[in-house]
1. Can you pull out every residue in segment B:34-62 that is among the aliphatic types (A, V, I, L, M), away from chain A (no Cβ under 14 Å) and away from DNA strand C (no atom under 11 Å from the Cβ)?
2. Hey, can you tell me all the residues within segment A:72-90 that are open to solvent by 20 Å² or more (accessible area, probe 1.4 Å) and either among the small types (Gly, Ala, Ser) or within 12 Å of chain B (Cβ to nearest Cβ) (or both)?
3. Test of understanding: among B:ALA105, B:ALA17, B:ALA23, which residue is within 16 Å of DNA strand D (Cβ to nearest atom) and either more than 14 Å from every other protein chain (Cβ to nearest Cβ) or modelled with pLDDT of 95 or more (or both)?
4. Quick one: which of B:ALA36, B:ALA43, B:ALA62, B:ALA12 is near DNA strand D (Cβ under 10 Å from one of its atoms), over 16 Å from B:ARG108 (Cβ atoms) and under 27 Å from the mean Cα position of the chain (by Cα)?
5. Considering segment B:118-138 alone, what residues qualify as being facing chain A (nearest Cβ under 7 Å) and under 12 Å from B:LEU61 (Cβ atoms)?
6. Taking the stated definitions as given, is A:ALA15 within 13 Å of DNA strand C (Cβ to nearest atom) and either of a type in the set (A, V, I, L, M, F, W, C) or in contact (Cβ under 8 Å) with a residue 24 or more places away in the chain (or both)?
7. Return the pair list, or none, for Cβ contacts closer than 7 Å from residues in segment A:114-126 that are over 19 Å from A:ARG67 (Cα atoms) and open to solvent by 30 Å² or more (accessible area, probe 1.4 Å) to residues that are part of a loop (DSSP other than H, G, I, E, B) and of a type in the set (A, V, I, L, M, F, W, C), at least 6 apart or on different chains.
8. Restricting the search to segment B:18-33, which residues are open to solvent by 90 Å² or more (accessible area, probe 1.4 Å) and more than 10 Å from DNA strand C (Cβ to nearest atom)?
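The values are calculated or read from the model by the stated rules, or taken from the named source; none is laboratory data. All figures in this text were calculated on a predicted structure; none of them were measured in a lab. Neighbour counts run over all protein chains shown; Cβ positions are idealised from the backbone, glycine included. Surface accessibility is based on the protein's heavy atoms, side chains included, excluding ligands, DNA and RNA. Shrake-Rupley method; radii C 1.70, N 1.55, O 1.52, S 1.80 Å.
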There are 2 protein chains.
Amino acid sequence: MPKRVDHRERRALIADALMRVAAEQGLEAVSLRHVAAAAQVSAGMVQHYFRTRDEMMVFALAVVSERNETRIRRAVEALGATPPPRALLRAMLTELLPLDEERRADGRVALAFLAYTAVRPAVAAALHADTAALRAFVADQIARSPLATAGRVDPEPAAVGLLAVLEGLGIHVLGGHYSPETALVALDAQLDLIFGREPPAETVSRAGSGRPRPAPR
Amino acid sequence: MPKRVDHRERRALIADALMRVAAEQGLEAVSLRHVAAAAQVSAGMVQHYFRTRDEMMVFALAVVSERNETRIRRAVEALGATPPPRALLRAMLTELLPLDEERRADGRVALAFLAYTAVRPAVAAALHADTAALRAFVADQIARSPLATAGRVDPEPAAVGLLAVLEGLGIHVLGGHYSPETALVALDAQLDLIFGREPPAETVSRAGSGRPRPAPR
DNA sequence: ATTTTTGCAATACAGTTGCAAGGTAAAGGG
DNA sequence: CCCTTTACCTTGCAACTGTATTGCAAAAAT
């Protein structure tokens, strides 16, 4: 075989450039030539690795979810062997919030893809399976909550709600409506609902009480 | 003056066509000519009422939020004079979920604009003020919850969480991940958290306890 | 050494885009 | 009557889009 090149590496390089363009100017601005320019390669090369624009888009979408997955895995592994479910979920979900500029960029891309797939149901399958797996895992963890084993919390709807807050908070933070701190407070409040108040070292000790009041923004 | 025409009416007509295009094919497909075709007018006329594409976009965005506003107002007015805050909020927020095809279409447009403004901060101001007002109102209503007057729920973060679930549920329903029923159950669960279990005819009576267990999906 | 495969570049092309410019027709004011 | 204003249409244009085609150099296979 002639001049061999790592195909995946090149495609990843290009997808990376795509996401930079998408994060800065939106998916509308993602064209072969823009992406090529951002990746500092020729437009022909982009075309060599992705025969159509849609193929490039689908690949980038896969990269996004894969990136989130590794982000989650890293955060979870940093927690040690058998972390309590609430801490596990908090670590996972916190990782998905756009709290720093890197994750803000990723979040913008994800949001753009959300709108993109909303109109292209064929492409949405990947995202669908993705969030379904996440929800199943979350429900699994919630099932280990004392409130769940006591039958006072149904894991499935609770997981739905938890992931919904996450998504909603992410979007609002991206839009600049909420500060990251506000989002974290809301996330913890939601976890309180599912797991009960975590730190038992409080006098009043009830969800929603005594937590710090951040500026609303 | 010569041939007088209701300017606002024409602009509304065009914006309506824009939203039809956006709902079906995404904001990327919103071009002068596409919108003109959808509105069954000449491209020149569109240009006559909107000098630039961005001007058209901004107007359409305003129409979206105005439409939501009237939707909310109608739902609230249908509730009579002084409804209990929980019922008021439920009616309001339910109106914002994409539960029928009409609201699904609006939701797709709103989602598209969300991604659009995420990259064009200058345009985002309208949305920003919009949700800020909504959050303030929601927080106001939550403040009337017994849990809030008892100091066990902080209205501001609670409002943040509530609107976040709403947004997240809407997106997931749009993406086909959750059924409308699932979304409604999750919304009610969130209201339970804030207002306590509604029917007080329960022994245990704790937020999040004993609520009905709906089929997941 | 020649053939074939592969990586990549350059170009061509048809279609679409936003926008500007110029046109016509009608309606009201002078 | 004319003249100005308004509504609207048509055309044109430069910039951009995705994609197909062609070309070419290098490297492995033969």
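1. Initial filter on segment B:34-62 (among the aliphatic types (A, V, I, L, M)): B:35-39, B:41, B:43, B:45-46, B:56-58, B:60-62.
Those still in the list that are away from chain A (no Cβ under 14 Å) too: B:35-39, B:41, B:43, B:45-46, B:56, B:58, B:60, B:62.
Once the filter is applied, which keeps residues that are among the aliphatic types (A, V, I, L, M), away from chain A (no Cβ under 14 Å) and away from DNA strand C (no atom under 11 Å from the Cβ), segment B:34-62 yields B:ALA38, B:ALA39, B:VAL41, B:VAL58, B:ALA60, B:ALA62.
2. Correct list: A:ALA78, A:GLY80, A:ALA81, A:ALA87.
3. Details: B:ALA105 fails: within 16 Å of DNA strand D (Cβ to nearest atom); B:ALA23 fails: within 16 Å of DNA strand D (Cβ to nearest atom).
Going through B:ALA105, B:ALA17, B:ALA23 in turn, the sole match is B:ALA17.
4. Step by step, each of B:ALA36, B:ALA43, B:ALA62, B:ALA12 is checked, and only B:ALA36 is near DNA strand D (Cβ under 10 Å from one of its atoms), over 16 Å from B:ARG108 (Cβ atoms) and under 27 Å from the mean Cα position of the chain (by Cα).
5. B:ALA124, B:LEU127, B:HIS128, listed by residue number.
6. Numbers: within 13 Å of DNA strand C (Cβ to nearest atom): no; either of a type in the set (A, V, I, L, M, F, W, C) or in contact (Cβ under 8 Å) with a residue 24 or more places away in the chain (or both): yes.
Spelling it out, it is not the case that A:ALA15 is within 13 Å of DNA strand C (Cβ to nearest atom) and either of a type in the set (A, V, I, L, M, F, W, C) or in contact (Cβ under 8 Å) with a residue 24 or more places away in the chain (or both).
7. Here the result reads none, with nothing in segment A:114-126 linked to a residue that is part of a loop (DSSP other than H, G, I, E, B) and of a type in the set (A, V, I, L, M, F, W, C).
8. First, the residues of segment B:18-33 that are open to solvent by 90 Å² or more (accessible area, probe 1.4 Å): B:20, B:24, B:33.
Within segment B:18-33, B:ARG20, B:GLU24 meet the criteria.
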